Amino acid sequence: MGLTVSTIFTRLFGKKQMRILMVGLDAAGKTTILYKLKLGEIVTTIPTIGFNVETVEYKNISFTVWDVGGQDKIRPLWRHYFQNTQLQEDDLKEAVLLVFANKQDLPNALTVSELTDRLGLHALRNKTWHIESTCATQGTGLYEGLDWLSKELSKN
């Protein structure tokens, strides 16, 4: 009885635990995004050698965010942070994909449409994805992206 009540209480009032793997090219703003979401402010960052991991609380979800360095030499290690990081792998068939099209304040930034084409997102069949125009240093688009992600994760 106690276990049942505890389980019901957690489902009604507890936070859903989710894991996020944040990967991208070096200097894309991954660490800036992570700490803007975690702390609500911009922090001075240096290139990530290895990874940063933080918990970000948003609405009814507790996200454990793995921010993995994006340098050429580190990219082959991405798969070790989340087994089978290729979206086509069976282990990730339920995963949703949120792309932050960051640095939209810069004059040469790819538009959401251009980035969608370059990443081939329309070719991802049976995969739920969303791309959000963002500027991490201003906070623009970050919470809109998390809103989308939260809604998608709440469906499961």
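Figures for the structure shown
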item	result
Ranking of T111, T134, T48 by count of other Cβ atoms within 10 Å, fewest first	T111, T48, T134
Residue exposure sequence - I42, I61 - by fewest surrounding Cβ within 10 Å	I42, I61
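Read-outs: derived from the displayed coordinates by stated rules, not from any lab. Computed from a predicted model, the values in this text were never measured in an experiment. We place every Cβ from the backbone using ideal geometry, glycine too, and count neighbours over all the protein chains shown.
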